[in-house]
Amino acid sequence: MAKLHFFYSTMNAGKSTALLQSNHNYIESNLKTLLFIPHEIAKKSNGKIISRIGLEAEAIVVSKEYEFYKEIERKDFKKVSCVFVDEAQFLSRKQVHDLGKISDELNIPVMCYGIRTDFQGKLFEGSQELLALADNLKELKTICSECDKKATMVVRLNEKGEVVLEGKKIVIGGNEIYKTLCRKHFRELTKLI
């Protein structure tokens with residue numbers, strides 16, 4: 001029986017690298033995979049899944065309206081050995097349900113990779129649903145930028161390097177606007193928890 005997996009962490013933990021390595025392993029065994037990336041990220045990455053260490057692969061770009069189950073069922077799904085989704089935090093609740101249905105009814109493993117919480121410490125919609133429904137939860141770890149503890153949170157920074165507490169939930173960027181923190185330092189810097 002195939003499973004729905006969720007690999008989650010903060011930024012800089014190697015989620016995209018892990019996804020691309022797992023995909024490579026399938027391809028090396030002559031197995032077909034499908035890679036997906038939400039359009040929020042695809043704009044910046046030209047429709048590719050890109051890791052910070054330079055690995056990359058073409059992906060199918062999906063909007064919030066994309067119906068995973070219907071589209072994969074239309075393809076020759078019996079030849080698909082695994083489905084990979086990067087930046088799964090941007091998925092809708094229904095899309096996560098579709099991914100679960102793919103593993104349950106089409107018997108295809110689904111590997112989702114994403115960030116758990118936003119810059120205010122709140123769960124993303126896709127992450128919330130994956131934490132509730134995934135068969136397998138795996139935390140990928142990285143270190144707090146202020147100490148040597150495990151980072152579990154992120155903060156957003158403005159152009160002066162100051163912590164931002166309000167604004168749009170989704171702002172695409174890297175280390176220039178986000179900083180990984182442990183809960184203690186997140187609390188100290190934001191006073192949100």
Using 20 Å as the Cα-Cα cut-off, could you pick out the over-long pairs in Lys43/Lys169; Lys48/Lys79; Lys3/Lys101? Lys48/Lys79
Residue order, fewest to most beta carbons within 10 Å, for Val171, Val61: Val171, Val61
State the dimensionless ratio Rg/Rh of the chain (Rg: radius of gyration of Cα atoms; Rh: Kirkwood radius). 0.98
Calculated from DSSP helices alone, with each H run of at least 4 adding -39500 (n - 2.57) and the total divided by the residues of the chain, [θ]222 nm to the nearest 500 comes to -8500 deg cm²/dmol
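Quick note: the coordinates plus some simple rules give every number you see, no bench work behind them. Predicted, not measured: the structure shown is a model, and the values here were computed from it. Cβ coordinates were reconstructed from backbone atoms using ideal geometry, including for glycine residues, and neighbour counts include every protein chain displayed.
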